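Q: Take a look at the following structure, please.
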Amino acid sequence: MRIALAQIQSLSGNLKHNFERHIHAAETALKNRCSLVVFPELSLLNYEPALAKERMNDCEAFINAFQIFCNNNKISMAVGLPFSLQSGMGIGLKLIQPNQQPSNYCKRYLHADELPYFTTGKEEVIWDLEERIAPAICYESTLSVHAAEAAKMKSSVYLASVAKSAAGITKAQEHYASISKQHQWWTLIVNMVGPADNFVGAGRSAIWDAQGNKITCLDDKEAILWIDTTSKTHGTDQL
């Protein structure tokens, strides 16, 4: 399976601009023959917890446009956005596949700073595509318990959509290498770049193999990073 990580810079609350960056990144992923392109945490809104409630419905209004693009181009997209739960609002990663109903993954372990704004998701999710993909969202991807739960579901790819500063992504690197080796899977991390909330996204999206080796990493600029999990080839493309 060829998976693209779209390291984009979203603008806070500018959904039209952010949608267009998503589509441009997906078009670049298509040129590299990818079947799935994944975006950072809350990518459609940018990581702005204080804006999430008032802009949640505006974010959802873009889903049909994403669906049309996926239908027409035979590519899947995993887009970060807030969405409604029975008990409140969750941090979501919405998987949009060609000619199928979108499916949601809601962040199950929230950072303390997120608790005033969001509610935890309750359901473990596996995306059964060409690989068995376990989605994770930022903070929870640094918790061994989340990886252990994904391993019980026989995941072959651990896929984390994050919003991390330079200090945050540096601190998490050792953990990602460790869980890759422990569970013998691919670990793929896609981070944002640019300002958001009270920090600056540092990029450095990266891929670890099943032996815990980091095989490739981006810098702090907008770009696509892709991996072919069958041939083990990989590459990058600027946005």
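Q: Normalised by the number of residues in the chain, what is the relative contact order in percent for Cα pairs under 8 Å and 6+ residues apart? Spell out each step's value before the answer.
A: Numbers: 570 pairs, mean separation 49.3, N = 239.
It comes to 21 percent, rounded to a whole number.
Q: A further question on this structure: Over the chain, what lengths in whole Å, largest first, do the semi-axes of the equivalent ellipsoid take, defined as the square roots of 5 times the eigenvalues of the alpha-carbon gyration tensor?
A: Working from the Cα gyration tensor, I get semi-axes of 23, 20, 18 Å.
Q: Another one. What size of dipole, in debye to the nearest 20, comes out for the stretch 1-62 about its Cα centre when the only charges are +1 on Lys and Arg C-beta atoms and -1 on Asp and Glu C-beta atoms?
A: On the way: 7 positive and 7 negative charges, 63 e Å.
Here the stretch 1-62 has a charge dipole of around 300 debye.
Q: So what is the calculated 222 nm ellipticity per residue for the chain, using -39500 (n - 2.57) for each DSSP H run with n of 4 or more, over all residues, to the nearest 500 deg cm²/dmol?
A: Numbers: 5 runs with 67 residues, N = 239.
It lands at -9000 deg cm²/dmol.
Q: Still on this structure, please answer the following. Note the per residue figure in Å³ for the convex hull of the C-alpha positions in the stretch 152-206.
A: 75 Å³
Q: Hey, another quick one. Can you give the three extents of the C-alpha atoms in the stretch 115-230 along their principal axes, from longest to shortest, in whole Å?
A: 36, 34, 24
Q: What percent of all Cα-Cα pairs in the stretch 89-169 falls in each 5 Å bin, counting up from 0?
A: All Cα pairs, binned at 5 Å, distribute as 3, 14, 25, 25, 18, 10, 4, 1, 0 percent.
Q: On the principal axes of its Cα set, how long, how wide and how thick is the stretch 99-142? Give whole Å, largest value first.
A: 36, 23, 14
Q: To check you understand DSSP bridge types, tell me what percent of the beta bridges within the stretch 92-239 (both residues inside) are antiparallel, rounded to 5.
A: 70 percent
Q: Suppose we take every Cα in the stretch 1-86 and form the convex hull; what volume per residue is that in Å³?
A: Once divided by residue count, the hull of the stretch 1-86 is 95 Å³.
Q: Ok, one more. Given a 1.4 Å probe, how much area per residue of the chain is accessible, in Å²? Don't skip to the answer; put the middle values down first.
A: Numbers: 10000 Å² over 239 residues.
Heavy-atom SASA per residue in the chain reads 42 Å².
Q: Taking every pair of alpha-carbon atoms in the stretch 30-152, give the share separated by more than 21 Å as a whole percent.
A: I get 39 percent for the Cα pairs in the stretch 30-152 exceeding 21 Å.
Q: Treat every Asp and Glu Cβ in the chain as -1 and every Lys and Arg Cβ as +1, leave all other atoms uncharged, and give the resulting dipole magnitude about the Cα centre to the nearest 20 debye.
A: Roughly 400 debye, rounded to the nearest 20.
Q: Here's another thing I want to ask about it. Which pairs in the list LYS16/LYS94; LYS122/LYS154; LYS94/LYS221; LYS107/LYS171; LYS154/LYS221 are over 29 Å apart, alpha-carbon to alpha-carbon?
A: From the list (LYS16/LYS94; LYS122/LYS154; LYS94/LYS221; LYS107/LYS171; LYS154/LYS221), the Cα-Cα distance tops 29 Å for LYS154/LYS221.
Q: Let me ask something else about it. Can you give the direction-averaged projected area of the convex hull of the alpha-carbon atoms in the stretch 195-238, in nm²?
A: 3.8 nm²
Q: Could you sort 96-108, 201-213, 56-68 so that the peptide with the highest average Cβ count within 10 Å comes first and the rest follow in order?
A: Final packing ranking: 201-213, 96-108, 56-68.
Q: In whole percent, how big is the carbon plus sulfur part of the accessible area of the stretch 7-68, probe 1.4 Å, protein atoms only?
A: 51 percent
Q: For HIS24, HIS183, give the ranking by accessible area with the largest first, probe 1.4 Å.
A: HIS24, HIS183
Q: Considering only protein heavy atoms, what is the solvent-accessible area of TYR139 at a probe of 1.4 Å, reported in Å² to the nearest 10?
A: Counting only protein heavy atoms, TYR139 exposes about 80 Å² to solvent.
Q: If one puts a single equal scatterer on every Cα of the stretch 163-239 and applies the Debye formula without solvent, what log₁₀ I(q)/I(0) results at q = 0.11, 0.21, 0.27, 0.28 Å⁻¹?
A: For the requested q values the scattering log ratios are -0.28, -0.92, -1.23, -1.27.
The values are calculated or read from the model by the stated rules, or taken from the named source; none is laboratory data. Note that this is a predicted model, so its numbers are computed, not measured. Note: ideal-geometry Cβ built from the backbone for every residue, glycine included; neighbour counts use all protein chains shown. What goes into the accessible areas is simple: the full protein's heavy atoms, side chains included, and nothing from ligands, DNA or RNA. Shrake-Rupley method; radii C 1.70, N 1.55, O 1.52, S 1.80 Å.
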